[in-house]
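Inspection log for the structure reproduced underneath, given as structure tokens.
The values are calculated or read from the model by the stated rules, or taken from the named source; none is laboratory data. Note that the structure is predicted; figures quoted are calculated from it, not measured. With ideal geometry, Cβ positions are generated from the backbone for all residues, glycine too; neighbour counts draw on all protein chains shown. The protein model used for the area step is the full one, side chains on, heavy atoms only, and it has no ligands, DNA or RNA in it. Shrake-Rupley method; radii C 1.70, N 1.55, O 1.52, S 1.80 Å.
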Amino acid sequence: MATAGAPRRFCRCACFCSENLYVARYGLHLRFRSEQQLRQDYVPDAALAPEFLAAAEYSASPGADLQGLLQRLETLSEEKRIYRVPVFTPTFCQALLEELEHFEQSDMPKGRPNTMNNYGMLLHELGLDEPLVTPLRERFLQPLMALLYPDCGGGRLDSHRAFVVKYTLGQDQELGCHYDNAELTLNVALGKAFTGGALYFGGLFQAPAALTEPLEVEHVMGQGVLHRGGQLHGARPLGTGERCNLIVWLRASVVRNRFCPMCCREPDLVDDDGFGDGFTRDEPTTVDVCALT
């Protein structure tokens with residue numbers, strides 16, 4: 001005869017909170033051990049286009065070379081060394097734009113993206129530097145840039161400045177000729193619906209007044225244009241709608257410690273917060289500066 005006792009207590013396995021977690025927005029099943037592990041294993045993998053993942057994986061593989069990588073990219077100009085590749089999925093582009101709109105409507109302090117753009121925002125203000133941009137630079141862009149631009153510090157990228165620029169009627173509508181404060185640049189079109197606003201490119205450190213027949217590049221949502229920071233470039237006037245682009249200035253202190261791309265001289269260093277402008281006081285200068293031709 002059974003004796004009455006305390007009711008049985010049913011349990012669940014601890015894997016309920018750590019294994020096979022489904023994220024509907026990205027259609028992914030994830031494994032979670034810690035925030036650091038999640039960022040390392042899945043962010044920004046879930047945001048990245050398969051073509052970009054394949055190009056980065058190839059670049060990091062033994063025996064990878066430039067010709068093999070170029071088969072996985074679109075060459076926009078062999079002479080100017082300008083390339084294009086899908087970087088973000090459409091789903092991620094939309095999600096990022098939504099986050100940017102929420103931040104823009106908040107009362108949180110906001111800085112200008114750079115000295116030429118009045119509208120947009122800095123990704124570190126959204127808290128996206130560490131979880132998104134740093135792993136994007138370290139895990140994916142660095143091996144790829146090492147093959148494309150070894151003479152510009154592509155394999156020694158150690159800091160960045162990332163921001164979104166916004167163009168719309170009544171605000172910023174175009175961008176004049178300029179160079180970037182970076183050794184290398186990634187420019188990704190996020191959307192939205194617009195006409196006009198094409199990028200145009202001149203020569204490396206070419207004087208703006210000498211620009212006569214620039215290369216023009218249309219924006220494609222989710223696709224990123226890769227170029228040297230010293231490549232003269234600008235943006236044509238917007239025709240209609242609203243255009244948002246994510247810009248990542250990629251910096252290599254081993255190059256810029258001996259050559260500031262803004263004054264074209266050895267830098268006169270001043271201490272700054274965060275990554276500053278990518279200069280350091282103690283980095284060895286062992287990489288040749290891009291040839292100014």
Checklist entry - Applying 1/(1 + (r/R0)^6) with R0 = 35 Å to the Cβ-Cβ distance of Y119 and A46, what FRET efficiency is obtained, to the nearest 0.05? => result 0.80
Next on the checklist: Under a Cβ-only charge scheme (Lys and Arg +1, Asp and Glu -1), can you give me the dipole magnitude of the chain about the Cα centre, in debye to the nearest 20?
Outcome noted: 900 debye
Item to check | Label point at T75 placed 7 Å out along Cα→Cβ; residues across the range 138-181 whose backbone nitrogen lies under 16 Å | outcome: 147-150
Next on the checklist: Testing the spin-label approximation: label points 7 Å from Cα along Cα→Cβ at Q173 and E138. State their distance in nm.
Outcome noted: 4.4 nm
Item to check | the range 242-247 - phi-based ³J(HN,Hα) in whole Hz, Karplus 6.51/-1.76/1.60, Gly and Pro as x | outcome: 9, 10, 10, 10, 8, 10
Item to check | Lys/Arg +1, Asp/Glu -1 at C-beta; the range 88-150 dipole; positive extreme among L141, L126, F88 | outcome: L141
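What's the magnitude of the charge dipole for the range 137-275 around its Cα centre, counting Lys and Arg as +1 and Asp and Glu as -1 at the beta-carbon? Answer in Debye, nearest 20. It would help to have the intermediate numbers written out before the result.
Details: 13 positive and 16 negative charges, 54 e Å.
That gives a dipole near 260 debye.
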Next on the checklist: Please list, by residue number, everything in the range 121-137 whose backbone N is under 18 Å from a paramagnetic label point 7 Å out along Cα→Cβ of K110.
Outcome noted: 121-129
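Which loop GluC sites (Glu not before Pro) in the range 70-148, with loop taken from DSSP, have no more than 14 other Cβ atoms within 10 angstrom of their Cβ?
Qualifying residues, ordered by number: E78, E79.
Where the accessible area of the chain is counted over protein heavy atoms with a 1.4 Å probe, how much of it, in %, is carbon and sulfur?
Numbers: 7890 of 15290 Å².
The C+S portion of the solvent-accessible surface of the chain is 52 percent.
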Item to check | Reachable aspartates and glutamates from K166, criterion Cα separation under 20 angstrom, eight or more residues apart if same chain | outcome: E98, E99, E101, E104, D107, E125, D129, E174, D180, E216, E218, E242
Checklist entry - Among A56, L269, C13, whose Cα lies farthest out toward the positive end of the dipole of the chain, if unit charges sit on the beta carbon of Lys, Arg (+1) and Asp, Glu (-1)? => result C13
